[in-house]
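Presented below is the structure to which this report refers.
The values are calculated or read from the model by the stated rules, or taken from the named source; none is laboratory data. As the structure is a prediction and not an experimental result, all values here were calculated from the model. Note: ideal-geometry Cβ built from the backbone for every residue, glycine included; neighbour counts use all protein chains shown. Side chains included, ligands, DNA and RNA excluded: accessible areas come from the protein's heavy atoms. Shrake-Rupley method; radii C 1.70, N 1.55, O 1.52, S 1.80 Å.
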Amino acid sequence: MLKTDVLIIGGGLAGLAAAKALEGKKDYIIAERENRPGGLAATVKKGGFHFDYSGHLLHLRWPRTSKLILDALAGNCRRIKRDARIYAHKSWTPYPFQANLSGMPAKVKAECVSGFLKAYNTGETGPGDGSEVFSRWTRRVFGGGISRHFMLPYNAKLWQYPLERLTTEWCAPFVPMPRPEEVIEGAYGKKSEGLGYNTVFHYPKRGGIGALANALAMKSGGLRLGLQVESVNIKEGVANVRHFGPIHFKRLINTSPLNDFVAMTEDAPAAVKRAAARLRHNTVYVLNLGARGVRQDMHWGYFPGPEFPFYRAGLASNFSKELTPDGCASFYIELATAGAALDLASAETAVIKGLKACGLLQRASQVVEKLWLKIPCAYVIYNRERAEALPVINAWLKSKKTQSIGRYGAWKYSFMEESVKEGLEAAARLMK
Ligand SMILES: Cc1cc2nc3c(=O)[nH]c(=O)nc-3n(C[C@H](O)[C@H](O)[C@H](O)COP(=O)(O)OP(=O)(O)OC[C@H]3O[C@@H](n4cnc5c(N)ncnc54)[C@H](O)[C@@H]3O)c2cc1C
């Protein structure tokens, strides 16, 4: 019978960071269902290319976690200045749209700037408390033009959820808020470069983003791959693992999606199960392409227009030349659905057409490799149901001394460093 003090469900960055903090101090097991560590921060090799689960860039903002990540990468890391753009009205303009309208046609610029100033002059452009719905929030904060030409179509494509019901708690760290002078200068004068959470980022020199998880996993004595937890009983301290049997634990850290975790927990009360069943998410399909003869130095672009099936497309080979064979480039192209399966063949044709239309690709024959990767639970939906469900679920977790952390365990829009931070914090709470 397998026994441990701490069972960690999931060997993504949150689980691996918790393990790192427990190493040598407490007995633990990470049960990871895949045969590789890293969760979404993993890299798949195909035909000489390294493909990530879409662009996974390190946005480092906290000293302790930055140090942990950079130490783990041990010099295998590069600091890169962002070159992100938006393609709209058949033109490129720098990101963020609201502060860099210079590339847009004169009529669009005028509509966006005057709409922004009109909204600003109402004196009601504060960030709000997060409960306001996105469609109203964006018009109030950015005005009609910026909303119509970018915020509404882009976010509708990304979230695949009605923007009249999407709430805005997630916006503060991710949506840059320029001042009026920045909007005007960005439209008629200089490029605004310092806005947004990712003006510079870090990325491994070799091995793709999976290099980070691999480095953490190498030092983890308790990582067990290929163990899928199928059911949990917190009161009895037992998790049942597929084709393996029970693991007995004293304390539990979950990093698997919160809705799945509650559903598989036998002793979760009915009210908690009902709350978890109300949580929603979208699904993202990433088409990775390897191509020859691509001459483009940007990192990624956003595509609000309905003529493009994807909301974002990036050039991973511009983060690191080591990701591709010599003379090749690699793209990641992200398409979202509300959960429905995507027809991959027709999506692929539409993607190539889109890449040609915006000039990222000249001919379909340039493509020499491809790999579709599916992220079934990609962006959790912020809505009234989430705001009502989380307090119910979290109160129950607290009463059971169980921690559910990470992007999906905590059911939030967060990034890799935050998962690492939550892993360290969860381990520290356990050792108190
Ligand atoms: C499209 C997209 C782009 C992103 N881009 C960035 C970016 O540029 N920068 C950034 O910082 N972040 C980015 N992120 C977010 C980043 O991927 C996450 O914040 C981070 O990787 C989450 O780590 P985690 O450990 O919390 O969760 P996960 O990576 O989801 O790890 C959870 C682990 O649990 C395992 N698991 C699940 N169920 C079970 C079970 N029943 N039994 C055993 N194991 C189980 C899974 O296999 C997985 O390995 C992006 C996310 C998406 C969707």
Trypsin sites (Lys or Arg not before Pro) restricted to region 50-134 and DSSP loop, no more than 15 other C-beta within 10 Å:
R61, K90
Expected vector for region 409-422, Karplus 3J(HN,Hα) from phi with 6.51, -1.76, 1.60 and θ = phi - 60°, integer Hz, x for Gly and Pro, equals x, 8, 6, 9, 8, 9, 10, 4, 4, 5, 4, 4, 4, 5
With the contact rule set at Cα under 8 Å and sequence spacing of 6 or more, what percent relative contact order holds for region 337-432?
17
Computed FRET value (nearest 0.05) for S365 with V44, which takes r as the C-beta separation and R₀ as 25 Å:
0.55
Which percent of the accessible heavy-atom area of region 196-343 goes to carbon and sulfur, probe 1.4 angstrom?
49
Which ³J(HN,Hα) values, rounded to whole Hz and listed in residue order, are derived for region 80-96 from phi using the Karplus coefficients 6.51, -1.76 and 1.60 in 6.51 cos²θ - 1.76 cosθ + 1.60 with θ = phi - 60°, glycine and proline given as x?
10, 7, 4, 10, 10, 9, 10, 10, 8, 6, 6, 9, 9, 9, x, 7, x
Name the lysines eligible as straight-distance cross-link partners of K321: C-alpha to C-alpha under 16 Å, and not fewer than 8 places from it in the same chain.
K45, K46, K81, K205
Taking the Cα-to-Cβ direction at K205 and at K81 and moving 7 Å from each Cα, how far apart do the two end points lie in nm?
2.1
Cross-link pairs K90/K157; K25/K398; K3/K25 - those with Cα-Cα distance over 25 Å:
none
On the accessible surface of region 97-192, probed at 1.4 Å, how many percent belong to carbon and sulfur atoms?
55
Contour minus Cα-Cα distance for N35 and E124 (0.36 nm per residue):
26.9 nm
List the residues whose amide H sits under 5 Å from the amide H of V238, counting only those 5 or more places along or on another chain, with H placed 1.01 Å from N in the peptide plane.
N233, F249
With a point put 7 Å past each Cα toward its Cβ, work out how far W372 is from D326 in nm, to one decimal.
3.4
How many Å² of accessible area per residue for the chain, probe 1.4 Å?
43
Residue by residue through region 385-395, what is 3J(HN,Hα) from phi via Karplus (6.51 cos²θ - 1.76 cosθ + 1.60, θ = phi - 60°)? Round to whole Hz and write x for glycine and proline.
4, 5, 4, 7, 6, 4, x, 5, 5, 5, 5
Quick check: residue separation of E164 and A110 times 0.36 nm, minus the Cα distance between them. What number comes out in nm?
16.8 nm
Candidate cut points under GluC sites (Glu not before Pro) in region 1-49, DSSP loop plus at most 15 other Cβ atoms within 10 Å of their own Cβ, are E23, E34
Of the residues Y154, Y120, Y87, which exhibits the maximal mean-square fluctuation in a Gaussian network model of the chain defined by a 10 Å Cα contact cut-off?
Y120
Given the Cα-Cα distance of K90 and A338 and 0.36 nm per residue of separation, how much length would full extension add, in nm?
86.6 nm
Be a star and scan region 413-428 for residues whose amide nitrogen sits under 19 Å from the point 7 Å along the Cα-to-Cβ vector of F174.
413-422
